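Accompanying notes for the structure given below.
What follows is calculated from the coordinates using simple rules that are stated; it is not laboratory data. Just so you know, these numbers come straight off a predicted model, no measurement behind them. Neighbour counts are summed over all protein chains in view; Cβ atoms, including those assigned to glycine, are modelled from backbone coordinates with ideal geometry.
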Amino acid sequence: MAKSTKKETLNKKKESESTSLKSWQLTKQHRTVLGALLVLFSIALLVAFVSFFIYGKIDQSAVSELTDRKEAVQNWLGKFGAYLADLAIYRGFGIASFLFVRLFFLTGMYLVLDLSIKKLKGTWFWDLFAIIVISVLFGFFATSVPELGGTVGFELNLFIQDYIGKTGTLLTLVFGLIIYLIFKIQVSPDKVQSFFESTKKEIKEDIASHPSIVPSSNDPSYNLEEFAVEELDETDEELDNIHLKTAG
């Protein structure tokens with residue numbers, strides 16, 4: 001009797017856990033609404049980011065006065081857009097923040113189309129990796145334009161330089177770009193070699209299809225001596241046509 005009661009309690013716990021998990025799962029309507037919200041939010045981010053690079057300096061003083069209704073901003077998304085753009089671009093990752101627009105848009109479309117979000121794990125990982133690398137890269141080179149690298153990129157750049165210097169920071173950034181090119185874009189030395197070989201082959205084919213008007217020295221019908229004699233005859237004729245004038 002004791003064993004049967006234990007089994008019954010375990011079964012009840014499993015059933016309660018399964019029902020609780022089912023209750024937390026998103027239905028198709030919830031996924032559609034959340035996906036549409038993310039898509040619209042990504043469009044709003046794009047509008048706010050683009051207008052930041054146009055009116056960012058004008059709206060800089062109005063960001064801290066969001067509660068003041070009399071304070072006017074030029075951002076196309078209003079005060080909320082000015083605050084988001086300032087937070088993501090100026091205080092955040094700079095121009096690399098545009099990748100957030102792509103991430104939110106893709107996630108929203110996957111939810112709307114009822115696709116598995118697990119396929120976006122790699123996209124999220126590599127885009128976040130690219131955001132950090134691009135932000136630090138602009139923070140390293142574009143120190144006079146803080147909007148390109150953002151505060152995060154500038155501070156990360158200084159933090160890394162404190163430990164490995166400018167040369168080490170540059171080498172680290174190059175290594176990060178190599179990792180992204182190899183694992184994300186899948187650029188390999190074989191592909192680079194095949195690209196150059198294909199372009200070389202295309203150039204040779206173009207040259208073969210358009211032969212030069214000037215005869216080649218390798219051509220057996222081309223006689224260098226005859227060509228030289230003809231040139232000498234032409235120069236002699238030109239010299240014969242020259243007449244010297246005497247002073248009258």
Open item on the list: Given axes a ≥ b ≥ c from the Cα gyration tensor, I'd like to know whether the stretch 42-157 is rounded (a/c under 1.5), prolate (a/b larger than b/c) or oblate.
Closed with: oblate
Open item on the list: Skipping prolines and chain starts, which residues have an amide H placed within reach, meaning under 5 Å, of the one on Val187, given they are 5 or more residues away or on another chain?
Closed with: Ile182
Open item on the list: I want to check the label-to-label distance for Gln25 and Ser209. Put each point 7 Å from Cα in the C-beta direction and report it in nm to one decimal.
Closed with: 5.8 nm
Task: Links that overshoot a 19 Å alpha carbon limit, given the list Lys118/Lys191; Lys121/Lys191; Lys121/Lys184 - done: Lys118/Lys191; Lys121/Lys191
Task: J(HN,Hα) series, the stretch 101-113, from Karplus relation 6.51 cos²θ - 1.76 cosθ + 1.60, nearest Hz, glycine and proline x - done: 4, 5, 5, 5, 5, 5, 4, x, 5, 5, 6, 5, 7
Open item on the list: Show me, for the stretch 143-148, the HN-Hα J-couplings you get by feeding each phi into the Karplus relation (A = 6.51, B = -1.76, C = 1.60, θ = phi - 60°), rounded to Hz, glycine and proline as x.
Closed with: 6, 7, 10, x, 5, 6
Task: Linear extension gain, Phe183 paired with Asp114, 0.36 nm per residue minus alpha-carbon span - done: 22.1 nm
